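The values are calculated or read from the model by the stated rules, or taken from the named source; none is laboratory data. Note that this is a predicted model, so its numbers are computed, not measured. Here the Cβ positions follow ideal geometry from the backbone for every residue, glycine too, while neighbour counts run over all protein chains shown.
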Amino acid sequence: MAVPDFPMFTPAQKPEQDGFHREPAYDPVLRPQFESGSEPWRSRVTKVPWLWSFEYRGMTTGNRNTLMVFWSDTVSNGAAVFHWIDPTDSVAYYVRFAAQPQADLEPDGMGLWRVRVQLQEALGTWE
């Protein structure tokens with residue numbers, strides 16, 4: 001089965017730059033401390049996956065529904081891997097949802113949504 005692509009929204013929608021974060025998913029360093037005071041720190045892994053957090057503001061109900069159906073049906077409530085392009089550097093990654101997308105109506109009463117998304121890089125071979 002082919003790896004699905006993150007949905008394209010109509011009208012086109014990009015994540016907000018303000019609040020867009022990319023960081024290591026976890027701290028890979030083991031930091032034991034011995035009674036002698038020595039600290040033989042070492043990495044416990046060879047590759048640390050990235051974690052992205054971002055939000056869409058002013059998302060239409062149609063685009064919100066597209067995203068939620070993608071999450072629930074296409075990638076099995078976030079369990080399956082999908083292809084996503086980081087909008088900050090146009091690099092393609094295989095990722096999973098780190099959490100269910102969170103959607104709230106914007107307070108302006110226009111019926112638009114603010115949707116928060118968290119993605120984690122899926123290390124491995126997926127094609």
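The table that follows gives values for the structure above.
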{"item": "Count - residues of region 86-124 that are within 21 Å of Met8 (Cβ to Cβ), of a type in the set (A, V, I, L, M, F, W, C) and within 13 Å of the chain's Cα centre (by Cα)", "result": "7"}
{"item": "Among residues of region 28-81, those that are under 25 Å from Glu106 (Cα atoms), assigned to a helix (DSSP H, G or I) and without any contact (Cβ under 8 Å) to a residue 24 or more places away in the chain, counted", "result": "3"}
{"item": "Among residues of region 54-106, those that are more than 20 Å from Ala2 (Cβ to Cβ), among the hydroxyl-bearing types (Ser, Thr, Tyr) and surrounded by fewer than 14 Cβ atoms within 10 Å (Cβ to Cβ), counted", "result": "3"}
{"item": "Region 2-21 residues that are surrounded by 10 or more Cβ atoms within 10 Å (Cβ to Cβ), paired with ones that are at pLDDT below 85 and not hydroxyl-bearing (Ser, Thr, Tyr) (beta carbon under 8 Å, 6 or more apart)", "result": "Val3/Trp126; Val3/Glu127"}
{"item": "Residue in region 39-51 that is farther than 22 Å from Asp89 by Cα, exposed (fewer than 10 other Cβ atoms within 10 Å of the Cβ) and among the charged types (D, E, K, R) present", "result": "yes"}
{"item": "For Ser38: the one exception among (1) polar (S, T, N, Q); (2) farther than 18 Å from Gln100 by Cβ; (3) modelled with pLDDT of 85 or more", "result": "(3)"}
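Per-residue answers, yes or no, for (1) under 23 Å from Arg22 (Cβ atoms); (2) touching a Pro at 6+ places or on another chain (Cβ under 9 Å); (3) without any contact (Cβ under 8 Å) to a residue 60 or more places away in the chain; (4) among the basic types (Lys, Arg):
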residue: His83; (1), (2), (3), (4): yes, yes, no, no
residue: Ala92; (1), (2), (3), (4): yes, no, yes, no
residue: Met110; (1), (2), (3), (4): no, no, yes, no
residue: Val115; (1), (2), (3), (4): yes, yes, no, no
